[in-house]
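J.: Mind looking over this structure? Questions follow.
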Amino acid sequence: MGWRSAPSSRAALIGLGAACALLLFIFYRSVLLSPNAVLSTQSGDGLKNYYTLVQHAHGSGNFWNMNGMNHPYGEHVVYTDGHPWLSAALRSL
C-alpha cells in the first residue's frame, strides 16, 4: 500500500502541513498580514531587484529586454536579476 491509501498517513501529512503553516504564521505574521509594508532590503542589490521588476513591468522594452539600465542599449532582463514572468503578469494588469 502506498501513502495515499493509508488514512493515518494522510492525516499525519495534513497535521504536519498545518503545523508548518502555523509556525510560518507565528514567525512571519507581520509580513504575511501586510506585505506591502515590508522591504526585504533597503539598499544595494535588493533595492535594484525591486527597481528592475517595476521598471520591466511599467517600462518600455520587450519580454527579454529591459531599457531601464545600460542606456541607450538596454539590458537582458535575466542579467539584471529581473523576474520576466512576474513582470509580464504585472504588465498585463
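Each reported figure results from applying straightforward, stated rules to the coordinates on display, with no laboratory input. Here the structure is a predicted model, which means the values were calculated and not measured. Here the Cβ positions follow ideal geometry from the backbone for every residue, glycine too, while neighbour counts run over all protein chains shown.
J.: I'm trying to understand the selection: among the residues of region 11-40, which are more than 20 Å from residue 90 (Cβ to Cβ) and outside any helix (DSSP H, G or I)?
T.: Result: 28, single match.
J.: Evaluate the following for residue 44: is it surrounded by 14 or more Cβ atoms within 10 Å (Cβ to Cβ), over 13 Å from the mean Cα position of the chain (by Cα) and among the small types (Gly, Ala, Ser)?
T.: So residue 44 fails the test.
J.: Filter region 47-66 for residues that are touching a strand residue (DSSP E or B) at 6+ places or on another chain (Cβ under 8 Å) and surrounded by fewer than 18 Cβ atoms within 10 Å (Cβ to Cβ) and give the result.
T.: Listed by number, the residues that qualify are 59, 64, 65.
J.: Residue 21: touching a residue at least 12 places away in the same chain (Cβ under 8 Å) and either of a type outside the set (Asp, Glu) or touching a His at 6+ places or on another chain (Cβ under 8 Å) (or both), yes or no?
T.: no
J.: If you don't mind, another one. Residue 36 - would you say it is free of Cβ contacts under 8 Å to residues at least 12 places away in the same chain and surrounded by 12 or more Cβ atoms within 10 Å (Cβ to Cβ)?
T.: Taking the combined requirement at face value, the residue does not satisfy it.
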